[in-house]
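Throughout, read-outs are computed from the coordinates displayed, never taken from laboratory work. Here the structure is a predicted model, which means the values were calculated and not measured. Here the Cβ is made from the backbone with ideal geometry for all residues, glycine too, and neighbour counts use every protein chain on show.
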Amino acid sequence: MKSSTIYYLAFAAAMAVCPLFLNAYWTDVFNNVGLYAILALSLNVILGHCGLFHMGHAAFYAIGAYTAAIINTSYGIPILWVMPLAGILAGIFAMIVARPIIHLRGDYLLIVTIGIVEIVRIALINNVFDITGGANGIFGISRPSVFGYKISKPDQFFYLIWGFAAVTIFLLLRLEHSRFGRALMYIKEDEVAAGGSGINVAHHKLVAFIIGAVWAGMCGTIYASKMTIIAPESFSFAESVVLFTIVILGGSGSIPGVILGSFLLVGLPEVFRGLAEYRMLVFGAAMVLMMIFRNQGLLPPGPKNYNVADLLQAGGGK
Amino acid sequence: MEEFFQQLTNGLAVGGIYALIALGYTMVYGVLKLINFAHGDLFTIGAYLGLTLLVSMGLFDKIGPLPAVILLAVMVMILVAIIGAILERVAYRPLRQSPRLSAVVSALGASIFFQNAIMAIYSPKFLVYPHDILPKAAINVLGMDIPIMRIIMFMTSLVLMAALYFFIQKTKIGTAIRAAAIDQGAAKLMGINVDRVIMLVFCIGPALGGAAGLMVGLYYGQINFSMGWMFGLKAFTAAILGGIGNIPGAMVGGLLLGVIEAMGAAYISIAWKDAIAFCVLILILIVRPTGLLGERVAEKV
Amino acid sequence: MTLLSIDNLSKSFGGLMAVNEVSFDVEAGSIVGLIGPNGAGKTTVFNLITGNYQPNTGTVLFDGQNLVGLPTHTIVEKGIARTFQTIRLFQNMSVLENVLAGGHCRMHSGSLAAMLRTPAQRREEKEAMRQSMAELDFVGLAHEWQNKAKNLSYGNQRLLEIARALATQPKLIVLDEPAGGMNDQETHDLIRLIRLIQDRGITVLLIEHDMGLVMRVCSSLVVLEHGAKIASGTPAEIQANPRVIEAYLGVDSE
């Protein structure tokens, strides 16, 4: 078995028994870590693997959360059933919004994505189409239930969230080690060379956005059902910044790095709760220092394993 | 018709503010190809420092409103310029050779740092500038009452912009800045000390931003640690609108955006006022990314 | 049979006419050299063929189809692969990963197939690995498969670019100064490699400044100067052509 598989299984085992050792407060912290981890992993596809400067991820998250909330409160459909729809809608939104901007140069793309997330937030506050509930948001979202088993306590949510996280990690790992995953990496490394090698750059960038959005949308559903109330202020640019930072500081393009980043950036401030006033201050300073001293992130992606040892000819090479 | 004119003058006044802030973005982008996310916070710092100086020194009582404002502006500009230079030295200079994204993240980190520093030092609440010190009167222009502060603000912005334009176009140092913006390598070969040029840009840009912050504080009366965010993003839109890296462009873009926003708020909807700037931003980047006056940034594709 | 037919191709940048009504043909299975003094427009012609630039006028007929207006990756799919004059490898990725990039356009699995790891996807991946290693073996770099591209010697980097181009299973391979930076031994091996490529049935079009290589390996030459074609023919004909000699060496002022 590969060493990385062992690490993942060990991590999964550790997480599985976590709730037994944590009180309700800390379980909830871990729940938040889990949600951010899923979101950051979805952003990682766009920003980490494909190298697209995307600071509007909260917009996809918002669309998913609001879709789920609206359909659930208006039609009474169980929240987990709405999850795929929320993801799909977020994906469609991403497709519409990303297509015209996909060719923009790095910093410009960054600014446009900021503009998008702000427009979405303003639209939500202004109760667009009269369904978003304005600044107060939507309340009364039902809790999820799996086969009749209602999930309402922190440790129940823990397994729901981290279960979904496990599936996410599993699928995204597969995606990374595939033709598609490689295409994203080539695009990140050198777009012109990628095109010259036969890769349809625009198409892959768009699909990266869509995949990231679908996942963020589905995660939004879980968030909505956990909080039972959602409001526009949860989906601001500041949230996008946190996600962006988790990916960059954790290790852009590295799934373990992003998971670590989530634990640190969401978990650590809880550890230093007493110094609440100063934690954002430290956060900002840490970002600057990290870029100066370790800009590849804490756990950058390592070289990939390929099963080609058996293909090496006996006397191959010069 | 009166309404239109009121909105126009209002838009120009606010636009002047946008222009001053936009100049900071555009100059920094010109020489470093970096979007200084922390620039909006330098604007905020200007507003807060202005308040501190104003209240603590009681200038208005001692020397009268007009000299006080000028002195205040000068002090704020100097202080913010120093902070800008420090910012460059600490957060950006070490990353000159690093990939672009690193500098972007560093800028974000600096922005978060500044905002929270302001919050910690002052307060998360809105702070109020003393109301009764400024002329509230309106003067009568062409039969309409225009608040005198609006005119003063607009004039001040114009004066500062004109000064900058003159500086950039007609002085040797200004030419050095323009040269460094076009090609840093060539500028160095011509004997231009690019490090000093960049530091100068980080003094001038923030100084203008700080002055804008002071004016906003005086005009609107209320300041808050996150005001730099909105103003900053709109100013950045203005810079893009005029053509990033293009100094006259930032001036034109700022004024234009101010007017568009004022008109939009008055005739379309006030609730969506903030969204107007973002829509303009996205439209420009899709339709004409080099801006109205053209991007003055040499970039090899 | 004519595989590639350039007809009246022109490209100007601002006021500068970089390529001026250039026309020439490339026969299938041949090795054609595009030569000329620096600045003659040779790389620009390549960029026009591969879709990196759009011509102002003219057509590029490949296998009967006009390629003008098609995006680069589609042109690769149609069967033209290229190497770059300045070497555009994925520097921080391994040698194997670089070659796998070339195989991308001959595979079909998308994101969904990747996540589900369908049997077809797994087969495709295995085949891609096998093919990539085969191409690396062909150019003699198989033992370097794990090394990062930037760690290779300059000459080996050029070979890697060729391997990546071959992985796209092209009908025509376009080499832009493949011998740049190579010593005599490496150039000799490159000539052998180019002939082996021809043996595989792949047509070769190359830009080169190394006249020794060009004269030995090419069956026909096209000479450009200041963006215009000034001569074409066999190496022997070109060597004797006074216009060509003038272009390279200048005119004796007597």
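Along the range C:65-82 the Karplus relation, 6.51 cos²θ - 1.76 cosθ + 1.60 evaluated at θ = phi - 60°, assigns HN-Hα couplings of 10, 7, 8, 4, x, 7, x, 3, 5, 5, 5, 5, 4, 6, x, 10, 10, 9 Hz to successive residues, with x for each Gly and Pro.
Listed from fewest to most Cβ neighbours within 10 Å, the set A:K153, C:K148, A:K188 follows the order A:K153, C:K148, A:K188.
Note that the range C:221-232 has calculated 3J(HN,Hα) couplings of 10, 10, 10, 10, 8, 6, x, 10, 7, 10, 6, 8 Hz, one per residue in order, obtained from phi through the Karplus relation 6.51 cos²θ - 1.76 cosθ + 1.60 (θ = phi - 60°); glycine and proline are x. Oblate is the label for the range A:82-188, because a/c, from the alpha-carbon gyration tensor with a ≥ b ≥ c as root eigenvalues, is 1.5 or above and a/b does not exceed b/c.
Near C:I230, the amide H atoms lying under 5 Å from its own belong to C:V223, C:L224, C:E225; only residues 5 or more places off or on other chains count, and H is placed 1.01 Å from N.
Based on DSSP H segments of at least four residues, each scored -39500 (n - 2.57), chain A has a per-residue ellipticity at 222 nm of -21500 deg cm²/dmol. About the centre of its Cα atoms, chain B shows a dipole size close to 920 debye [charges on the beta carbon of Lys, Arg (+1) and Asp, Glu (-1) only; nearest 20 debye].
Beta bridges from DSSP with both residues in the protein assembly as shown: antiparallel share about 65 percent, rounded to the nearest 5. As a rough footprinting exposure proxy, the listed residues C:E135, C:E27 were ranked by other beta carbons within 10 Å of their own, and the order from fewest upward is C:E27, C:E135.
When each of the peptides A:196-208, B:149-161 is scored by the mean number of other C-beta atoms lying within 10 Å of its residues, the order from highest to lowest reads A:196-208, B:149-161.
Based on the alpha-carbon gyration tensor of the range A:229-296 and its eigenvalue square roots a ≥ b ≥ c, which shape applies: rounded if a/c is under 1.5, prolate if not and a/b is larger than b/c, or oblate? Here the range A:229-296 falls in the oblate category. According to the square roots a ≥ b ≥ c of the eigenvalues of the Cα gyration tensor, what is the shape class of the range C:98-188, taking rounded for a/c under 1.5, prolate for a/b larger than b/c otherwise, and oblate for the remainder? It comes out prolate by the Cα gyration axes. Of interest is the spacing of the C-alpha centroids, which for the range B:47-123 and the range B:159-234 amounts to 13 Å.
Taking every residue in A:184-193 and counting other chain Cβ atoms within 10 Å of its Cβ, the average works out to 5. Between the listed residues C:G41, C:G64, C:N183, the Cα displaced farthest toward the positive end of the dipole of chain C, a dipole computed from Cβ unit charges relative to the Cα centre, is found at C:G64. Lysine pair count for chain C (Cα-Cα distance under 19 Å; residues 8 or more apart in sequence or on different chains): 4. Once backbone amide H atoms are built at 1.01 Å from N, C:S220 has C:I31, C:G33 as its partners under 5 Å, excluding neighbours fewer than 5 places away on the same chain. Counted by neighbouring Cβ atoms within 10 Å, the residues A:V241, B:V74, B:V14 run from fewest to most as B:V74, A:V241, B:V14. Comparing Cα centroids, the range C:1-17 and the range C:54-75 end up 10 angstrom apart.
Its Cα centre serving as origin, the range C:191-241 has a Cβ charge dipole (Lys and Arg +1, Asp and Glu -1) of approximately 200 debye. Measuring nothing but alpha carbons in the range B:155-218 and taking Rh as the Kirkwood radius, the Rg to Rh ratio lands at 1.07. Near the amide H of C:N56, within less than 5 Å, lie the amide hydrogens of C:S10, C:K11, C:S12, all on another chain or at least 5 residues away, with H placed in the peptide plane. Mind putting a number on the dipole of chain C about its Cα centre? Charges go on the C-beta only, +1 for Lys and Arg and -1 for Asp and Glu, and I need it in Debye to the nearest 20. It works out to roughly 1060 debye.
For chain A, the membrane-span-like helix rule (DSSP H, alpha carbon extent of at least 30 Å along the helix axis, mean Kyte-Doolittle at least -0.5) picks out A:154-176, A:201-227; this says nothing about an actual membrane.
Helices assigned as whole DSSP H runs in chain B whose Cα atoms extend at least 18 Å along their own long axis and whose mean Kyte-Doolittle hydropathy is 0.0 or higher are found at B:2-32, B:39-57, B:65-87, B:100-121, B:148-170, B:194-220, B:227-242, B:247-267, B:273-287. If you plug the beta carbon distance of A:V128 and B:V128 into 1/(1 + (r/R0)^6) with R0 = 25 Å, you get a FRET efficiency near 0.15. For the protein assembly as shown, the share of alpha carbon pairs falling in successive 20 Å distance bins from zero is 13, 39, 34, 13, 1, 0 percent.
How shielded is A:291-299 by partner chains, expressed as the average number of their Cβ atoms within 10 Å of its Cβ atoms? All intermediate terms of the calculation are to be shown ahead of the outcome.
On the way: counts 15, 10, 1, 0, 8, 2, 0, 0, 0.
Whole-number average of other-chain Cβ neighbours for A:291-299 is 4.
Positive contributions from Lys and Arg (+1) and negative ones from Asp and Glu (-1), summed over other residues with Cβ under 14 Å from the Cβ of A:L173, come out at +4. The share of Cα pairs per 20 Å bin across chain A, counted from zero up to the longest distance, runs 31, 58, 10, 1 percent.
For chain B, the orientation-averaged shadow of the C-alpha convex hull comes to 16.3 nm² (one quarter of the hull surface). Considering only chymotrypsin sites (Phe, Trp or Tyr not before Pro) in DSSP loops that have at most 12 other Cβ atoms within 10 Å, the longest stretch of chain A without any of them is A:22-146. What the phi angles of the range A:136-150 give under the Karplus curve with 6.51, -1.76 and 1.60, with θ = phi - 60°, is a coupling list of 7, x, 10, 10, x, 6, 7, 6, x, 9, 10, 6, x, 8, 7 Hz, glycine and proline written as x. Calculated [222 nm] ellipticity per residue, helices only, for chain C: -11500 deg cm²/dmol; basis is -39500 (n - 2.57) per DSSP H run with n ≥ 4, divided by all residues, nearest 500.
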